[in-house]
């Protein structure tokens, strides 16, 4: 169970667009790009001349959903207290659930690939990622992530709050994520 109740910050307009399946356009700098099986795409294919990080990491796609910080903040926010790294001190992470982020993109599939800016990537069964309470954290202990620390986003889990996650290693706790692919 999450340590604090969900705070519903989504605006009526955002919720209405999502209900209609209308893509929400990123107005600010993109923090996260969701590719693969996404219904609510708001951008086209990779441009090798412009999308240098995607090209460097051999990522290609025909369409995707770009998400900015403001859009992520409009989703319901959760706070989890947990140890990170495993066995480390207790810290608080805040952000929307992975489930809500994937719903925003209209993503459906069996496997989610989480990729960090350094190229680290891990494939996670979608059912486990959601079932284990994955969160797309935007801050740690009230301090927003930035490039150069754990940002722009980090996947975290309520390991300290759920007995079934007590032995969970840090392999899925990807930081500096910028790309999620759903297949």
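Can you tell me which of 137, 107 is touching a helix residue (DSSP H, G or I) at 6+ places or on another chain (Cβ under 9 Å), surrounded by 21 or more Cβ atoms within 10 Å (Cβ to Cβ) and at pLDDT 95 or above? Lay out the reasoning, then the answer.
Numbers: 137 fails: touching a helix residue (DSSP H, G or I) at 6+ places or on another chain (Cβ under 9 Å).
The unique qualifying residue is 107.
Which of the strands (runs of 3 or more DSSP E) contained wholly in the stretch 64-143 include at least 2 residues that are free of Cβ contacts under 8 Å to residues at least 24 places away in the same chain and closer than 21 Å to residue 169 by Cα?
Values: elements: 64-68, 78-83, 90-95, 111-116, 121-125, 135-137.
Of the strands (runs of 3 or more DSSP E) lying wholly inside the stretch 64-143, those with at least 2 residues that are free of Cβ contacts under 8 Å to residues at least 24 places away in the same chain and closer than 21 Å to residue 169 by Cα span 121-125.
Which number in (1) surrounded by 22 or more Cβ atoms within 10 Å (Cβ to Cβ); (2) touching a helix residue (DSSP H, G or I) at 6+ places or on another chain (Cβ under 9 Å) marks the one condition that residue 154 misses?
(2)
In the stretch 159-168, how many are touching a strand residue (DSSP E or B) at 6+ places or on another chain (Cβ under 8 Å) and surrounded by fewer than 21 Cβ atoms within 10 Å (Cβ to Cβ)?
As a first pass, look at the stretch 159-168 and keep what is touching a strand residue (DSSP E or B) at 6+ places or on another chain (Cβ under 8 Å): 159-161.
If we keep only those that are surrounded by fewer than 21 Cβ atoms within 10 Å (Cβ to Cβ) as well, we get 160-161.
Adding up the residues that qualify gives 2.
When the residues of the stretch 157-170 are narrowed to those that are in contact with a helix residue (DSSP H, G or I) (Cβ under 7 Å, 6 or more places away or on another chain) and in a helix (DSSP H, G or I), which ends up nearest to residue 93 (Cα to Cα)?
Here the answer is 159.
Mind checking which residues of the stretch 73-93 are surrounded by fewer than 21 Cβ atoms within 10 Å (Cβ to Cβ) and under 25 Å from residue 165 (Cα atoms)?
Correct list: 76, 79, 81, 83, 85, 86, 87, 88, 89, 90, 91, 92.
What's the number of the only condition in (1) over 15 Å from residue 92 (Cα atoms); (2) surrounded by 14 or more Cβ atoms within 10 Å (Cβ to Cβ); (3) out of contact with any helix residue (DSSP H, G or I) (no Cβ under 8 Å at 6 or more places or on another chain) that residue 173 fails to meet?
The one condition residue 173 does not meet is (1).
The values are calculated or read from the model by the stated rules, or taken from the named source; none is laboratory data. What you are looking at is a predicted structure, and each value in this text was computed from that prediction instead of being measured. So basically every Cβ, Gly included, is an ideal-geometry build from the backbone, and we count neighbours across all protein chains shown.
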